[in-house]
Amino acid sequence: MSYEQKLMAMKSLLKKTTVVKEVEETFNIPPAPSYEQLWLTTGMEKIENEFGVVYKRVIHYPLDTMHGDFRLGDVKQKLMKWSEADYMHPLAPNAGKLLFFDTETTGLKGAGAVIFLIGLLELKSDEFIMTQYVLPNPDHEAAFLYASGLWKEGLTLVTYNGKSFDFPQLQTRWSLHRKLLPPLPVPHQIDLLHGSRRIWKGQMESFKLTEVERTQLGFHRKDDIPGHMAPIIYQDAVKNGRAEILMKVMWHNEWDILSLVTLFSLSTDIVMEEASQQNAQIATNIAKWFQDLGLKDHSYTELQRIAEEYGTSYPMTHFHLGFLLKRHKEIDRAIQSFEIVATHGTGREQVLAYEELAKLYEHQVKDYSLAYEHILCAAQLVQQSDEFTSRFSNRMKKSLAKREMRVNRKLFPGQAQEAPQEEQ
């Protein structure tokens with residue numbers, strides 16, 4: 001039986017914590033675990049504080065260290081760009097200490113899932129320093145959490161899904177020791193999972209970090225453990241003192257954090273530099289992101305540039321641009337953009353483009369015949385396609401029916417109009 005199979009057999013032995021009791025105010029420092037010497041043979045260091053024992057691993061990286069296709073030290077230039085930016089953005093750090101942050105846990109959620117590894121990477125003037133804190137066992141959890149220094153004010157944490165998982169899990173564990181530990185402030189967080197979904201929407205089917213590494217960062221892991229094995233390996237290291245296999249989990253965590261650095265650099269370039277936006281879809285995704293952030297003028301400028309550079313090759317550019325042109329009262333150009341979407345687009349956007357054209361011809365151009373024509377085109381698309389949700393179809397049918405009746409009254413004033421019958 002392989003080691004992995006043995007570990008999977010142990011999985012059924014792991015006890016699920018059903019009730020988690022808060023640490024009492026009276027606290028006795030727990031003794032170091034019996035397997036301490038075995039763990040220290042891996043190169044980990046022992047640190048002690050007023051709450052117990054923690055083990056840590058420290059790694060130094062020169063600025064010219066390569067991770068995949070990217071140099072770690074390039075992040076210094078990206079941070080400078082953000083410091084000079086004249087707008088707020090979810091990728092922009094706050095002033096203060098910047099830490100690339102990732103955890104490994106014994107479960108996916110709930111008070112019974114324990115964080116057993118915290119990895120932090122900090123950029124210094126001439127190198128990066130990564131510190132990984134390892135929990136000896138649950139008795140030393142307060143010491144482990146305190147040693148991380150995450151209770152300090154003014155931090156910016158760069159994570160991958162950290163807003164939804166890592167930091168909320170940290171808050172849960174912290175709350176169990178709140179009578180011992182200093183308060184845990186909520187830091188400024190840059191979640192690169194959210195940024196990746198924004199940038200590569202429509203380009204990638206999976207946003208697992210390993211997939212982003214492979215397709216965007218040029219990093220391919222060798223001999224990496226499956227994520228679901230990490231808690232089992234940790235339990236084995238605690239039970240049997242086998243810290244050498246625990247190193248596989250630490251390497252997994254190390255690669256996660258190094259990828260945060262290069263992904264942050266790449267994401268910054270794509271957001272801030274036109275040359276880094278590989279195609280019209282990515283460029284449009286960025287412009288739409290600016291629009292959703294309320295930076296409509298910035299989005300307007302970018303969408304015009306993309307439309308000029310790529311022409312009609314990506315109709316979604318013109319879909320978003322059309323609404324901003326309409327907002328800026330550039331009616332003729334708005335009509336041109338929506339005509340491109342109506343002719344070359346697909347799906348909901350094509351239907352909505354026909355509806356917008358109907359609105360513009362009715363209210364701005366006063367050409368009721370063209371307005372009526374575009375209403376019929378939209379209604380025909382809704383009726384013939386089965387790709388739309390029933391909610392969208394029903395909403396559009398009602399909206400278009402009212403619009404058709406109103407335009408008919410304008411085309412034939414004084415004539416009685418009947419409500420249009422829905423097609424069977």
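If you go through the stretch 274-295 and pick out every residue that is within 20 Å of the chain's Cα centre (by Cα) and without any contact (Cβ under 8 Å) to a residue 12 or more places away in the chain, you end up with 5.
The sole residue among 238, 271 that is in contact with a strand residue (DSSP E or B) (Cβ under 9 Å, 6 or more places away or on another chain), buried (at least 16 other Cβ atoms within 10 Å of the Cβ) and either part of a helix (DSSP H, G or I) or in the same structural domain as residue 117 (by TED's automatic domain parsing) (or both) is 238. Close Cβ contacts (under 9 Å, 6 or more residues apart or on different chains) running from residues in the stretch 296-313 that are within 13 Å of residue 286 (Cα to Cα) and touching a residue at least 12 places away in the same chain (Cβ under 8 Å) to residues that are outside any helix (DSSP H, G or I) and among the aromatic types (Phe, Trp, Tyr) comprise 298/87; 306/314.
With respect to the conditions (1) of a type outside the set (S, T, N, Q); (2) outside any helix (DSSP H, G or I); (3) under 26 Å from residue 160 (Cβ atoms), residue 260 falls short on a single one, namely (2). For residue 333, work out the one condition from (1) more than 22 Å from residue 401 (Cβ to Cβ); (2) of a type in the set (D, E, K, R); (3) touching a residue at least 12 places away in the same chain (Cβ under 8 Å) it doesn't fulfil. Going through the list (1) more than 22 Å from residue 401 (Cβ to Cβ); (2) of a type in the set (D, E, K, R); (3) touching a residue at least 12 places away in the same chain (Cβ under 8 Å), residue 333 breaks only (3).
Is there a residue being closer than 30 Å to residue 404 by Cβ and of a type in the set (Ser, Thr, Tyr) anywhere in the stretch 290-302? Even if it seems obvious, please write down each step before you answer.
Going through the stretch 290-302, the residues closer than 30 Å to residue 404 by Cβ turn out to be none.
No: the stretch 290-302 contains no residue that is closer than 30 Å to residue 404 by Cβ and of a type in the set (Ser, Thr, Tyr).
Pairing each residue of the stretch 196-210 that is closer than 14 Å to residue 162 by Cα with any residue that is among the aromatic types (Phe, Trp, Tyr) and in a loop (DSSP other than H, G, I, E, B), provided the two are 6+ apart or on different chains, yields C-beta distances under 7 Å for 196/207; 209/160.
Count of the stretch 89-113 residues, restricted to those that are in a loop (DSSP other than H, G, I, E, B) and modelled with pLDDT of 95 or more, is 5.
Within the stretch 48-65, is there a residue that is closer than 22 Å to residue 194 by Cβ, at pLDDT 95 or above and either outside any strand (DSSP E or B) or touching a Phe, Trp or Tyr at 6+ places or on another chain (Cβ under 7 Å) (or both)? Explain how you work it out, then say what you get.
Taking the stretch 48-65 first, the residues closer than 22 Å to residue 194 by Cβ are none.
Among the residues of the stretch 48-65, not one is closer than 22 Å to residue 194 by Cβ, at pLDDT 95 or above and either outside any strand (DSSP E or B) or touching a Phe, Trp or Tyr at 6+ places or on another chain (Cβ under 7 Å) (or both), which makes the answer no.
Is it the case that residue 124 is more than 24 Å from residue 49 (Cα to Cα), modelled with pLDDT of 95 or more and out of contact with any Leu (no Cβ under 8 Å at 6 or more places or on another chain)?
On the way: more than 24 Å from residue 49 (Cα to Cα): yes; modelled with pLDDT of 95 or more: yes; out of contact with any Leu (no Cβ under 8 Å at 6 or more places or on another chain): yes.
Judged against the criteria, residue 124 is a match.
Highlighted here are the helices (runs of 4 or more DSSP H) found entirely within the stretch 307-413 that include at least 1 residues which are touching a His at 6+ places or on another chain (Cβ under 6 Å) and in the same structural domain as residue 287 (by TED's automatic domain parsing): 315-327, 331-344, 347-359.
Among the residues making up the stretch 241-254, those that are in contact (Cβ under 8 Å) with a residue 40 or more places away in the chain and either assigned to a helix (DSSP H, G or I) or touching an Asp or Glu at 6+ places or on another chain (Cβ under 8 Å) (or both) are 242, 243, 244, 245, 246, 247, 249, 250, 252, 253, 254.
The values are calculated or read from the model by the stated rules, or taken from the named source; none is laboratory data. Please read all numbers here as calculations on a predicted model, not as lab measurements. Positions of Cβ are backbone-derived with ideal geometry, glycine not excepted, and every protein chain shown enters the neighbour counts.
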